[in-house]
Amino acid sequence: MTVFDCNQPPKTLEDTKLNRSFLIGLVSKILYEGGTMTPAEIAAVIRLPRVVCRQMITEMTSLSLVESQGLESADIKSDIRYSLTDAGRKWALEAMLVSQYIGPAPVSLEEFEDQIRRQSINHEEIHRDALEGALSHLVIPKGMMAQLGPAANSGRSVLLYGEPGNGKTSIAEALGKSFKDTIYFPYAIVIGNQIIRFFDETLHEVADVSEDTPPTDARWVACKRPVVIAGGELTLDMLDLSFEPTSRFYEAPMHLKALGGVFVLDDFGRQAATPQQFLNRWIVPLEKGFDILSLHTGKKFNIPFDQLVVFSSNMLPEELGDGASLRRIYFKIHIPSPTPSDYLQIFEDACEDQGLTWRPDVVQSFYREEYEDRSIVPSGAHPRFLIQHIKAISRYLDHTAELTDDMLKIAWKNVSKSSRDDQAGAEPKPKGWLKGRN
């Protein structure tokens, strides 16, 4: 596991790479909201060292924007408290007209780009043992690991396709969890005077950093490589910056928050926009490695597109887009329905996880009657679904949950099924597959 380098804490106002008037506006807003504060209290909000905050206070004092309110306590070594003057309050109100953002000082776009390139997902290699460990809780079809490994290491784009319920989303999540490096994300980015909030505690998992690690700029947060999942709710508008007209600052889009990690577009093909429209939107990012975003002012800027993009779909590749678009998806991996032996293994694992006694004889008979004899397509999601229904039925009847023929038949009525007759060219299952299965 690697912990990537990040900028050292700034020592002067110039080291922040931020405009002085911008910083004065941000500190003014913090004091306007917080009232009387010490430099240390301001530093805790703005995430800049105390020495830099004191430089800011000194400059704002010379501009008659703040005034001293005496020591924080009777101790002569305690901090001096400061509050805004009338001129300072006016400055704060004018700054709020530009943006009501109050929080950690942002980093410049240039610093952000440098950091993303420094910690590129291509700098982390996923080896066989690590990937097998990440996928160990899943029953993976034979030969598929040889496809998933190169896809994970590509840092490009992958399509996982196949019938629903066979673990495409679980595989995509596990691919993301196989990455172990620690990277850094800023709380916010500034472009001109426009602020884009980036760090998202609902999507970014904060990483523990060793005490031996050199101190870093507190405007950056150490995180694990993110795994961001979007589903049918995703719209094309959500791939652009979101501007809040009341607060007057931006929120970075979901796929941007996945930089350096994995972005999973689940149920690809079920969004309001067509798959072709999404692929058209991503042709440049997938091909060139950068995205183009726009501010509401009309200003456009490039930003690195450094992530493993995983499309998960129940549709065939040729149904998702034209040849030009599909060429941008570098790996296309079919996730098949489970074989009979895989199905039993999935069922056994689910029983162990749910605390149900495993009955192979019952499940083998059930498989013959309901899948083979009726030509029903097995799904990797069925075993857990059936067990959950058996437990629900048992609670209602006040019985101990057991895996029996009768319970399975009742639970089976709730399962959504598809017939093999609809699958042209499907290969028949070999006879006698149950023999020798314990």
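No lab work stands behind these numbers, since they all come straight from the coordinates. Please read these numbers as outputs of a predicted model, since none were measured by experiment. Neighbour counts run over all protein chains shown; Cβ positions are idealised from the backbone, glycine included.
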Counting only residues 5 or more apart in sequence or on a different chain, those whose built amide H sits under 5 Å from that of Phe305 are Phe290, Asp291
Whole-Å distance linking the alpha carbon centroid of segment 209-240 with that of segment 134-160 is 23 Å
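Which of the three applies to segment 109-334, rounded, prolate or oblate, going by the alpha-carbon gyration tensor with a ≥ b ≥ c and a/c under 1.5 meaning rounded?
Details: a/c = 1.99, a/b = 1.21, b/c = 1.64.
Oblate is the answer for segment 109-334, as a/c is 1.5 or above yet b/c matches or exceeds a/b.
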One would report the antiparallel percent of DSSP beta bridges in the chain, rounded to the nearest 5, as 50 percent
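State, as an integer percentage, the relative contact order of segment 236-316 based on alpha-carbon contacts under 8 Å between residues 6 or more apart.
On the way: 100 pairs, mean separation 29.1, N = 81.
Rounded, it is 36 percent for segment 236-316.
How would you rank Arg81, Arg128, going from fewest to most other Cβ atoms within 10 Å of each one's own Cβ?
Working: Arg81 18, Arg128 10.
So the ranking, lowest neighbour count to highest, is Arg128, Arg81.
For the chain, what does -39500 (n - 2.57) per DSSP helix run (n ≥ 4), summed and divided by total residues, give at 222 nm, in deg cm²/dmol to the nearest 500? Could you put the intermediate results ahead of the total?
Values: 17 runs with 158 residues, N = 438.
Computed mean residue ellipticity for the chain: -10500 deg cm²/dmol.
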Matching label for the computed Rg and Dmax of the Cα atoms in Å, out of (i) 21.9, 82; (ii) 28.0, 89; (iii) 23.5, 93, is (ii)
Restricting to aspartates and glutamates and to Cα separations under 20 Å from Lys417, and discarding same-chain partners fewer than 8 apart, the set is Glu163, Asp267, Asp342, Glu369, Glu370, Glu372, Asp373, Asp405, Asp406, Glu427
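Counting pairs of alpha carbon atoms under 8 Å apart in space and at least six apart in sequence, what relative contact order in percent does segment 340-422 give? Walk me through the numbers on the way to the answer.
Values: 67 pairs, mean separation 29.5, N = 83.
This gives 36 percent for segment 340-422.
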